[in-house]
Amino acid sequence: MTAFYFGGDYNPEQWSPEVWKEDVALMRQAGVNLVTVGVFAWSSLEPEPGRYEFGWLDQVMDLLHDGGIQVDLATPTASPPPWFSLRHPDALPVDAGGIRLTHGSRDTYCACAPAYREAAVGIARVLAERYSKHPALAMWHVHNEYGTTCYCDHAAAAFRRWLQQRYGDLGRLNAAWTTAFWSQGYSSWEEIQPPRATQYLVNPTQALDFRRFLSDELLGAYRDQKAILRSFTPDVPITTNFVFGAWVPVNHARWAAEVDLVAIDHYPGSAGPGAEEQTALGADLARSWAGGRPWLLMEQAAGTLNDGHRLHTKEPGRMARHSLSHLGRGSRGAMFFQWRASRGGAELFHSAMVPHAGADSRRFRELTEFGALLPRLAEFAGSAVEADVAILWDAEAWWAMQSAHLPSSDLDYLASVQAAHRQFWAAGIGVDLVAPDADLSAYRLVVVPSLYLISDQAAASIARYVEGGGHLLVTYFSGIVNQDAQVRLGGYPGAFSEVLGIRVEEFHPVAEVQLASGGQGRLWSEHVHLAGADAVDRYSGGVLDGSPAITRNEYGEGVAWYVSTQLEDEAYEALVGQAIRGAGLERPELPAGVEMIRRRAGETTWTVLINHSEGEVAVPIAGFELLSGTEVVSPLMLAAGGQAVVRA
Ligand code: GLA
């Protein structure tokens, strides 16, 4: 495997052959070594049913190979051509309101429709037949960003099959879905529908199961293609690019086992410092999903950040800082969407490695400079990222918490995870994001942010971790429901009450709350009773005046902390600081605004430092700095926006 890949989505079907030649020359100039080709090229490859045009792709593959550039060849199944949907209208997606969508965009298919599944496997087979022996082929890129939801009759039938497997008999389903509420009892499987538009709130367990089902169904679609590609090229790695977002019905932690290389697309949803924190979280998630195997940042924006309203041009150096954050956190490269900015089509103003202005541009120069640095970093590509802390992450808990039935619409799982992750990001302490039922014994501290849903087994395994000497920090609104999204009775936080030594009687959603220590909380508070734990901080003022807000409990050989509100950053930092010290972890000396990542292979360590602040900083570190190729002595002076990778 190449140490670090550098490149992006290359869509030559949008351009003439003269441009292809310039593309390859510019790719060489920039140090590009891998491009993803053909992601949306189905109608260019098969303009009419069964009539294939491979001439252009043959030429592009040859040109790239001659230029020394490897190809991550995509199957184009995320965008079937118009002829396909006209032939198979039943394979078009239907939204929750029953409206059948049409072609004219992308992802206009239902992954449950037999015609679509067959066509997807068909085009994958044709591509494999033609290119399996091509010397440029380095990797297969199946589909693009699996995540399309459909509520059609094919989806309904597949959902029922999935439910039959999960529950066996209807009585169990009725019990799990609490269908006695609002007279929803099912007397035959055929009565069950996807959670389509209905008169008022949908059944939360039905909605949760539908997402679980979609994740498995889409995985089936991926597996179909993987099997075909594998049969032609047993040694070529196969992947698909994971997209991250609240709308995505894909459990990436589970899918990871099915890809040879975990690949993610990452587009922060903020232009401020949130972009750096989100970048780090995205990278830590990908590495954790990969579980020690390689992973790759398959897409990021070359030149802009989109906050949902505006495209913010990335300031000089910011693209490199984000890319280094990904590399530092384990990515085997920095890839972009896309190579050359489109002149038309839906994403014509999406930034690209070669912008509309052309190669004579700051953006292209910065990319070229960055590409030139990668070979200097190659030595740490295979080393491990150090992480003594785990934050629990669970897609199903996230989905369950998107329910419209919660006591406050401010409850936001991702925001709670981000708030926890930010503390460790700022402190320069490595974090993995692990599944609730994972083996936690390698971690000194485990943080559980707002894990609303948790199974009995996972809760028991976390309790054993603490009993055996582990340190645990649980935050508000955790442990509330079981895997059927049914409340654990007898007091919150149900699954964690014993290990935390507390019992929560009531929720008090609020705008703001004061703590006796002077700290502040937001959004949420709880009426906590001590049942063995000590109160570390208490609410001050309001209905909960004097009752515990933060608790600490010794359990077996370990310690379990609970915080019943969303702490403001300062108070959160103080609490995490206590938990870190309690767990015997060292907090590195790090100036504010500097990101730090530690890597290790045997006795050799590498420290990645990225100065996101606007001033020069001094970092106490010495060793060989890879980017400049020089020995550095302590303190290392890092200019605003500066980066360093120090081997010791
Ligand atoms: C995704 C897709 C790309 C492109 C980008 C735009 O990551 O995979 O095709 O649409 O988003 O941000």
**OP:** May I ask you to list the residues in segment 325-338 that are more than 16 Å from the ligand (Cβ to nearest atom) and either touching a helix residue (DSSP H, G or I) at 6+ places or on another chain (Cβ under 9 Å) or small (Gly, Ala, Ser) (or both)?
**Re:** SER325, LEU327, GLY328, ARG329, GLY330
Original post:
Within segment 267-298, how many residues are within 16 Å of the ligand (Cβ to nearest atom), small (Gly, Ala, Ser) and under 26 Å from ASP224 (Cα atoms)?
Top reply: 1
Original post:
Filter segment 1-29 for residues that are small (Gly, Ala, Ser) and away from the ligand (no atom under 16 Å from the Cβ); which is modelled with the lowest pLDDT?
Top reply: ALA3
Subject >> Every residue from segment 30-48 that is away from the ligand (no atom under 14 Å from the Cβ) and either charged (D, E, K, R) or touching a helix residue (DSSP H, G or I) at 6+ places or on another chain (Cβ under 6 Å) (or both) >> reply: ALA30, GLY31, SER44, GLU46, GLU48
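Out of THR108, THR102, report the one residue that is over 28 Å from PRO237 (Cβ atoms), buried (at least 17 other Cβ atoms within 10 Å of the Cβ) and of a type in the set (Ser, Thr, Tyr).
Step by step, each of THR108, THR102 is checked, and only THR108 is over 28 Å from PRO237 (Cβ atoms), buried (at least 17 other Cβ atoms within 10 Å of the Cβ) and of a type in the set (Ser, Thr, Tyr).
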**OP:** Could you tell me whether any residue of segment 309-320 is over 26 Å from ARG600 (Cα atoms), among the β-branched types (Val, Ile, Thr), within 14 Å of the ligand (Cβ to nearest atom) and surrounded by fewer than 24 Cβ atoms within 10 Å (Cβ to Cβ)?
**Re:** no
Original post:
Hey, does segment 537-544 have a residue that's in contact with a helix residue (DSSP H, G or I) (Cβ under 9 Å, 6 or more places away or on another chain) and either of a type outside the set (Phe, Trp, Tyr) or modelled with pLDDT of 95 or more (or both)?
Top reply: yes
**OP:** Mind listing whichever residues of segment 248-266 are out of contact with any Ser or Thr (no Cβ under 8 Å at 6 or more places or on another chain) and within 15 Å of the ligand (Cβ to nearest atom)?
**Re:** VAL248, HIS252, ILE264, ASP265
**OP:** Could you give me the residue pairs with C-beta distances under 7 Å whose first residue belongs to segment 389-407 and is more than 13 Å from LEU208 (Cβ to Cβ), whose second residue is hydroxyl-bearing (Ser, Thr, Tyr) wherever it lies, and which are 6+ apart or on separate chains?
**Re:** VAL389/TYR443; ALA390/TYR443
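Filter segment 98-120 down to the residues that are away from the ligand (no atom under 16 Å from the Cβ) and among the small types (Gly, Ala, Ser), then identify the one that is farthest from PRO82 (Cα to Cα).
Among residues in segment 98-120 that are away from the ligand (no atom under 16 Å from the Cβ) and among the small types (Gly, Ala, Ser), the one farthest from PRO82 (Cα to Cα) is GLY98.
If you check GLN225, GLN165, which single one turns out to be within 30 Å of GLN70 (Cβ to Cβ), in a helix (DSSP H, G or I) and of a type outside the set (Ser, Thr, Tyr)?
Testing whether each residue is within 30 Å of GLN70 (Cβ to Cβ), in a helix (DSSP H, G or I) and of a type outside the set (Ser, Thr, Tyr) leaves just GLN225.
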**OP:** Could you please let me know if ALA341 is surrounded by fewer than 23 Cβ atoms within 10 Å (Cβ to Cβ), touching a helix residue (DSSP H, G or I) at 6+ places or on another chain (Cβ under 7 Å) and over 30 Å from ASP388 (Cβ atoms)?
**Re:** no
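Tell me the residue from ASP412, ASP456 that is within 21 Å of the chain's Cα centre (by Cα), among the acidic types (Asp, Glu) and modelled with pLDDT of 95 or more, please. Please lay out each step first, then the result.
Values: ASP456 fails: within 21 Å of the chain's Cα centre (by Cα).
Every option except ASP412 fails the conditions.
Tell me which residues, restricted to segment 362-419, are part of a loop (DSSP other than H, G, I, E, B), within 25 Å of MET319 (Cβ to Cβ) and in contact with a helix residue (DSSP H, G or I) (Cβ under 9 Å, 6 or more places away or on another chain).
Start the filter on segment 362-419 by keeping residues that are part of a loop (DSSP other than H, G, I, E, B), which leaves 381-383, 386-388, 393-394, 401-412.
Checking which are within 25 Å of MET319 (Cβ to Cβ) leaves us with 381-383.
Of everything in segment 362-419, just one residue is part of a loop (DSSP other than H, G, I, E, B), within 25 Å of MET319 (Cβ to Cβ) and in contact with a helix residue (DSSP H, G or I) (Cβ under 9 Å, 6 or more places away or on another chain), namely ALA381.
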Subject >> Checking TRP182 against (1) surrounded by fewer than 16 Cβ atoms within 10 Å (Cβ to Cβ); (2) in contact (Cβ under 8 Å) with a residue 60 or more places away in the chain; (3) aromatic (Phe, Trp, Tyr), the condition it does not meet >> reply: (2)
**OP:** Look through VAL528, VAL487, VAL474 and report the one residue that is more than 29 Å from ARG211 (Cα to Cα) and of a type in the set (Val, Ile, Thr).
**Re:** VAL528
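Tell me, please, whether a residue that is within 16 Å of the ligand (Cβ to nearest atom), surrounded by 22 or more Cβ atoms within 10 Å (Cβ to Cβ) and within 25 Å of MET401 (Cα to Cα) can be found in segment 206-219.
Narrowing segment 206-219 to residues within 16 Å of the ligand (Cβ to nearest atom): 218.
Now narrow it down to the ones that are surrounded by 22 or more Cβ atoms within 10 Å (Cβ to Cβ): 218.
Subsequent filtering for residues that are within 25 Å of MET401 (Cα to Cα) retains 218.
Yes: segment 206-219 contains one or more residues that are within 16 Å of the ligand (Cβ to nearest atom), surrounded by 22 or more Cβ atoms within 10 Å (Cβ to Cβ) and within 25 Å of MET401 (Cα to Cα).
Just one of ALA560, ALA535 is surrounded by 22 or more Cβ atoms within 10 Å (Cβ to Cβ) and in a strand (DSSP E or B); which is it? Break it down stepwise before answering.
Values: ALA535 fails: surrounded by 22 or more Cβ atoms within 10 Å (Cβ to Cβ).
Within the list ALA560, ALA535, the selection yields ALA560.
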**OP:** Return only the number of the condition from (1) over 30 Å from ALA263 (Cβ atoms); (2) in a loop (DSSP other than H, G, I, E, B) that LYS133 does not satisfy.
**Re:** (1)
**OP:** Among the residues of segment 185-205, write down those that are surrounded by fewer than 19 Cβ atoms within 10 Å (Cβ to Cβ) and either of a type in the set (D, E, K, R) or farther than 15 Å from ALA96 by Cα (or both).
**Re:** GLY185, TYR186, SER187, SER188, TRP189, GLU190, GLU191, ARG196
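For segment 174-196, state whether one or more residues are among the small types (Gly, Ala, Ser), part of a helix (DSSP H, G or I), more than 16 Å from the ligand (Cβ to nearest atom) and over 33 Å from the mean Cα position of the chain (by Cα).
Let us first name the residues in segment 174-196 that are among the small types (Gly, Ala, Ser), namely 175-176, 180, 183, 185, 187-188.
In the following step, the residues that additionally are part of a helix (DSSP H, G or I) were identified as 175-176.
The next check asks that each one be more than 16 Å from the ligand (Cβ to nearest atom); those that pass are 175-176.
Next, from what is left, pick out any that are over 33 Å from the mean Cα position of the chain (by Cα): none.
No.
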**OP:** Name, by its number, the condition in (1) surrounded by 16 or more Cβ atoms within 10 Å (Cβ to Cβ); (2) part of a helix (DSSP H, G or I) that does not hold for VAL250.
**Re:** (2)
**OP:** Go through the residues of segment 511-534 one by one and say whether even a single one is farther than 25 Å from ALA395 by Cα and among the β-branched types (Val, Ile, Thr).
**Re:** yes
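The values are calculated or read from the model by the stated rules, or taken from the named source; none is laboratory data. Here the structure is a predicted model, which means the values were calculated and not measured. Cβ sites come from the backbone with ideal geometry, for glycine too, and all protein chains shown count toward neighbours.
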